[in-house]
Amino acid sequence: MSEWVAATAVETLAPGDHVVVDVDDVSVVVFNIDGEYYALENVCTHDGSEIADGCVIGDEIECPFHGARFCVRTGEVTAPPAYEPIDTLPVRVRDGVVEIRDDRWD
């Protein structure tokens, strides 16, 4: 089973902000949306670009290259040209630290 990895301290990730971290050699974006934390693999499923370079609008992130949008909470596509969701990763807060893990291959 995969291990939990410390991503960032809660106090360093303000609501509306996001940070890119490495989890088992996978680039992951961690978001704070209204005090709740979410993690997506840092890749647009339309063209493979890094989604973290996009703008966060409410609970969606928009790909900076072609405008595809994804729900930060679920990874689901909310606007084309993407049609496949982005993988989400489990998130927890423990002792003031946001932790994530990549359980896709467990």
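See the values below:
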quantity: Every residue from region 37-82 that is closer than 23 Å to residue 25 by Cβ, within 12 Å of the chain's Cα centre (by Cα) and not hydrophobic (A, V, I, L, M, F, W, C); calculated: 37, 38, 41, 42, 50, 53, 54, 75
quantity: Verdict on residue 6 being of a type in the set (Gly, Ala, Ser), open to solvent by 40 Å² or more (accessible area, probe 1.4 Å) and in a loop (DSSP other than H, G, I, E, B); calculated: no
quantity: Hits in region 48-75 - residues which are surrounded by 15 or more Cβ atoms within 10 Å (Cβ to Cβ) and either closer than 19 Å to residue 90 by Cβ or of a type in the set (A, V, I, L, M, F, W, C) (or both); calculated: 51, 52, 56, 59, 61, 63, 65, 68, 70, 71, 72, 75
quantity: Residues satisfying the stated conditions in region 89-106, i.e. within 15 Å of residue 37 (Cβ to Cβ), touching a residue at least 40 places away in the same chain (Cβ under 8 Å), open to solvent by 40 Å² or more (accessible area, probe 1.4 Å) and out of contact with any strand residue (DSSP E or B) (no Cβ under 6 Å at 6 or more places or on another chain); calculated: 93, 94
quantity: Sole exception among (1) under 20 Å from residue 106 (Cα atoms); (2) in contact (Cβ under 8 Å) with a residue 60 or more places away in the chain; (3) of a type in the set (A, V, I, L, M, F, W, C); (4) surrounded by 19 or more Cβ atoms within 10 Å (Cβ to Cβ) for residue 30, by number; calculated: (1)
quantity: Residue within region 56-68 that is part of a loop (DSSP other than H, G, I, E, B) and among the acidic types (Asp, Glu) present; calculated: yes
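The values are calculated or read from the model by the stated rules, or taken from the named source; none is laboratory data. In this text, all values refer to a predicted model and were calculated from it rather than measured experimentally. Cβ coordinates were reconstructed from backbone atoms using ideal geometry, including for glycine residues, and neighbour counts include every protein chain displayed. For accessibility, only protein heavy atoms count, side chains too; no ligands or nucleic acids. Shrake-Rupley method; radii C 1.70, N 1.55, O 1.52, S 1.80 Å.
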